[in-house]
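The values are calculated or read from the model by the stated rules, or taken from the named source; none is laboratory data. Everything quoted here is computed from the prediction, not taken from an experiment. Note that we place each Cβ from the backbone using ideal geometry, even for glycine, and neighbour counts take in every protein chain shown. The area values use the complete protein model at the heavy-atom level, side chains included, leaving out ligands, DNA and RNA. Shrake-Rupley method; radii C 1.70, N 1.55, O 1.52, S 1.80 Å.
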Amino acid sequence: SLHQTSLLSYNNCKFKMIRALLLTLLLAVSTLGFAPSPAFRVAPSTTELGVSVKIDVGEGEPVESALRRFKREVNKSGHMMELRHRRYFENSQEKIKRKVKEARMRKRLERMQRRRNNQRT
């Protein structure tokens, strides 16, 4: 009887220790999700285009002229149009439709320019 009581108290103590250990592990693991880890790096935003447009401003050049040249370079780079398209989410099918439509317009403009050039000569 005394041996059974000591055995039960030993098993009870062992069970409490294992339970405390498991609760501690659970608590430690659950807080790891909220702690910032040094290996975590923020992915670069997908809206960044990485385009740098630069112009050289001449000595004594008017600001209006430099601004006009800068705007022309920005338009030539095409990143403003890209930003305009990224303003709202566009799935792949919509993107393909837009690209086909843009290509159609580009071809049409090229044909019109060729006709104009042929008429002049």
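Pairs meeting the criteria (first residue in segment 86-101 and assigned to a helix (DSSP H, G or I), second residue at pLDDT below 95, beta carbons under 9 Å, at least 6 apart or on different chains) are Arg86/Thr46; Arg86/Thr47; Arg86/Leu49; Lys95/His85; Arg98/His85; Arg98/Glu90.
The set of residues in segment 51-67 that are over 26 Å from Glu82 (Cα atoms), surrounded by 10 or more Cβ atoms within 10 Å (Cβ to Cβ) and of a type in the set (A, V, I, L, M) contains only Val57. Scanning segment 73-91 for residues that are farther than 10 Å from Val53 by Cβ and open to solvent by 100 Å² or more (accessible area, probe 1.4 Å), we see that the one that is farthest from the chain's Cα centre (by Cα) is Arg84.
Checking every residue in segment 63-74 against the condition of being outside any helix (DSSP H, G or I) and at pLDDT 70 or above gives zero matches. Somewhere in segment 96-114, is a residue loosely packed, with under 10 Cβ neighbours inside 10 Å and small (Gly, Ala, Ser)? Within segment 96-114, not a single residue is loosely packed, with under 10 Cβ neighbours inside 10 Å and small (Gly, Ala, Ser).
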